[in-house]
1. Would you count, across chain A, every pair of lysines whose alpha carbons are under 26 angstrom apart, provided the pair is eight or more residues apart or spans two chains?
2. Tell me, what is the 1.4 Å probe accessible area of B:Met82, in Å² to the nearest 10?
3. Give, to the nearest whole percent, the P(r) tail of chain A beyond 44 angstrom, counting all Cα pairs.
4. Once both axes come from the Cα atoms, what is the angle between helix B:471-498 and the longest principal axis of chain B, in degrees from 0 to 90, rounded to 10?
5. How big is the dipole moment of the stretch B:340-559 about its Cα centre under a simple scheme where the beta carbon of each Lys and Arg is +1, that of each Asp and Glu is -1, and everything else is neutral? Debye, nearest 20, please.
6. For the stretch A:119-135, just list the computed ³J(HN,Hα) in residue order, Karplus coefficients 6.51, -1.76 and 1.60, θ = phi - 60°, integers in Hz, with x standing in for Gly and Pro.
7. Taking the Cα centre of the protein assembly as shown as the origin, how large is its charge dipole in debye, to the nearest 20, when only Lys and Arg (+1) and Asp and Glu (-1) carry charge on their Cβ atoms?
8. Measure out, as a whole number of angstrom, how far apart the alpha-carbon centroids of the stretch B:474-506 and the stretch A:82-147 sit.
Amino acid sequence: MSQEPTRTERAASDDDRIDADTDEDVMVKVRNLRTYYEGGGLLNPTPVKAVDGVSFDIRRGETLGLVGESGCGKTTLGRTLVQLESATGGEILFDDVDATELSGTELEKWRRNAQIVFQDPDSSLNDRMTIGEIVREPLDVHDWKTPRERRQRVQELLDTVGLQREHYYRYPHQFSGGQRQRIGIARTLTLEPDFIVLDEPVSALDVSVQAEVINLLEDLQDEFGLTYLFIAHDLSVVKHICDRVAVMYLGHIMELGPTEELFSDPANPYTHSLLSAIPEPDPTVEKDRIRLHGTPPNPRHPPEGCPFSTRCPARIRPDEYEHLDNELWTRLNTLREVLRERERADRTVTDRIRELLGKDPRFGTIDEIYDELFADQSVPSNVDAILEEVADHVRANDETAALDQLKAEFGGACESEPPEYYTVSDTGRQSFCHRHDDGYRSPDEVLNTRHR
Amino acid sequence: MSYDEHDDETFRERIDANPRPALIWIVGLIVLLAVELGRIVDGIIALGGAIRFALSGIAAGPSWIGDNVAGTLGSAVGTGAMILTALLLLAIAGSLVKTIFVPGSPLKRLGYDIDQTKQTIDLLDRLFLTAILAVIALLAITSPFSGVLESGINGLTRGLESVSSLPTITGRETISNEGHRTPGGGWEGTFLGLSPAWAWALRVLVVYAYAFVALAWLWKGYTIFREHYREADWTPRDDSINRFRNHYWGIFGLIIVFMFVVMAIWAPALGPVDAEHNLYSPYEHEFEYLDDDTVVSTTHGTANLQSQSQGGESTIGLMSYDDFDRWAPFGTNQDGKDLFTFLVFGARTSLVIGVTAIGLATAIALAMSLITAYYKGLVDTLTIITSDTIISIPAFLLVLLLSVIFQQANHPIADVYNGGLLLALIFAGIYWPGLWRSIRGPSLQVAEQEWVDAAKSYGQTPAMTMRKHMAPYIATYIMIYASLLLGGVIIATAALSFLGLGINPPTPEWGRMVSDGRSYVSTTSWHIATIPGIMIVFVVTGFNALGDGIRDAMDPESDTGTSDAGAAASGGGG
């Protein structure tokens, strides 16, 4: 990670990118895709923004990796691509047909082309059916040829995925996890799809079996010319199988580019942090980890600007506070997170009564919070003055004003507006970060100075 | 057994390849059926009658609704409502016929190639079948055809009736226990001249022996299938069956329930006297007995008057003859009627009500649980509200209320089976929410399984997904709850009849027996209330035990516990 920081060539707009991609053999074009889960009750209409405006292309015959931590929306994105979830907005152009618009016969025909392999082989096979019935069911649904030919085809497929023909009459109980995943793969292959979403296909398997299944998937890709979207959180598997990788965080794609390049020279601060979390098997290697503080924000209330702005190690800071200690910045971030939580939490009647009576409220007082956060820090006077004003707002139970004040003082471009996608290398790698703009220092540089 | 030989073979081909075991079994089955042919055909006739009754009830629906609507909104609207209801019923019937009897698409088979979605084709198929049914229905009510149809059905029934009069091995005539003493000291008219007691005991023995042999033969058929003809050498069901076989409490329940069902099915053969003669119209049937060395005849009614069990001296107790040499294994009741005959026919009543009620409730609960778990949302909320509304009213109170309303209003439904059908319908309406609630958890769970998503991803229809991928899992649970609830229905029916509200006389019912005999419990005629009471306890315990057994056998949650016990037991048995 000590390479020269790649300077941004130009700020690419969305349209430019689409033009740039048309000369390649693109199979799936995803444009500004959004999948929201509606709020659970009448009182809570705010939807969970699982996928919030995602655009990318999948080229014919390639394997596109999709990585990110749990809950970032990668599974939802995969399920939306095969229409198991309906998209809230945007389009999925599958050979220039918008899959989100399809219904009835067209959707049924389209489904033959896009299949999904599920994560958990225990849950994806119906235990009460024989392997033959399970693998044959898609053929039955689509009324494929005669029953005898279906049976023939299923047995060939079992052969193809490395099982035996006689397994036709066995039940899923009688197979190991790896074998069950092979059965699941055989089922997705029955309809001869062009595009398969692999939703963490090996993460539920033993490491030794993982390699076998990965090799099988690669062989199948060569044999049938398949296109994969490979969803995973295991970066080493992704590095092995994928041609290109998309890094996802909180419903957004943070960086997308060729695997080798992305792993050796990440551009986006989030990719940096993610890669630095890979454990190093050699204990003697000195590694500077970038440690992220806190947890990802609630996807029901994502941050206004960049989705990663609440935790970003390379966040743009206002000039007058640039010199502040890293630790103090972390504490300030924590303070803002606590206040955000308090702003969202509803105060119950009991809480209010306790406050009126002067008893301990459920929330700690602002003094307690300050004690905990800043007692051991040397806080410069200008910061201290702001913190005092913030404390006054909080004492008046006005967290919103307190947050506004903190944002006005300590916020920057990252928190006020979402970044754009910048092309960061000759291979067309895209990164979603303000830092690539010419007006700012690049993420590499910042991370080097702040965290090395 | 090698699998390669079985590649591409259908079930029939597998039987052709090795016909011997199947042939032996089928010959055995034919023998078993032949010796009871008369009774089986009898059953078919009765079933046909019930279906005919139900169909005519449904067919009367449109005009009934039409009349009701015409009464309030005028005749034009009434006719409209009638036609609408008729169309609706036809559409339902068309869909049912489509799903049950017609595999694939009838339109496609007729050569119409429609380029539409599966759903549209399905809808068109249903409409097509509905139209055919409508034409048939119209033909059936127009005069020449209805006459032909009627006479055809009657002819068929007569033909079947002539078959049903064939002697059967368990028939009353084959092993007769109705005869009279001869002055010489022997018996005349009974089987081999045995005493009525022995002849009756022999018949009961034959009935139960036949029933158990038939059960064993069916089991044998299953094992033959499993051994010789099944493609899979192991299925998950095998494990369940093995677990059940080591579950002695469950087997005890199964035996009790089986004996109860046999009692209900063979009720006419088990009674020492003919129910029609002794219970329903005692003054229209005569029998002969030996009175001071002369054989005289009298009606059952007259004899019953002198065989009453009302405590004190006038008691015909257990295992005794009355003054007319009629054998009464469980004595007589307070009216002098034979208690055992009463009891076996009461079993029939309880079983019919229980099975109808639970069958309906289970069907509703299963359908609702599949639909609500698959679609969730508004359907789910509405079902919750409906079921909570029903559950919130005390069940027994609701049963009382509804049965009184229908009986006081002399609604036609209240007359069927002396109120039995009404009770069954009420129970079904009251018990389905509970059943639905108890299987709601499992059905929501199974709806979240990835194989349901997988089915959706390759375009399986919702109805098929529910049937293939969800119903088998829920069926297990619902069987457990249904078998437990069946006992509850039997008790509730008995309780209602005890209060004088359930089944009206003369249809025998156990609860009414307890009610009638309760004033004699402390006298020598204690048996009138005690024996049916004990029977109720036994049968309900049996159903509960069976439910326990099924649960332990099928519930994957109890896997570890019972399979350990099973392993220990089979280890001990070698």
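The values are calculated or read from the model by the stated rules, or taken from the named source; none is laboratory data. Just so it is clear, the structure is predicted and the values come from calculations on it, not from any experiment. Using ideal geometry, Cβ is built from the backbone for each residue, glycine included, and neighbour counts are taken over all protein chains shown. SASA here: full protein model, heavy atoms, side chains in, ligands and nucleic acids out. Shrake-Rupley method; radii C 1.70, N 1.55, O 1.52, S 1.80 Å.
1. 10
2. Number for this one is 80 Å².
3. Numbers: 23680 of 101926 pairs.
That tail contains 23 percent of the Cα-Cα pairs.
4. Taking Cα atoms only, the helix is inclined about 30 degrees.
5. On the way: 10 positive and 13 negative charges, 82 e Å.
So the dipole magnitude of the stretch B:340-559 works out to roughly 400 debye.
6. Rounded to whole hertz, the list is 5, 9, x, 6, 9, 8, 10, 6, 5, 8, 10, 6, 4, x, 5, 5, 6.
7. On the way: 84 positive and 140 negative charges, 773 e Å.
So the dipole magnitude of the protein assembly as shown works out to roughly 3720 debye.
8. Their Cα centres are 45 Å away from one another.
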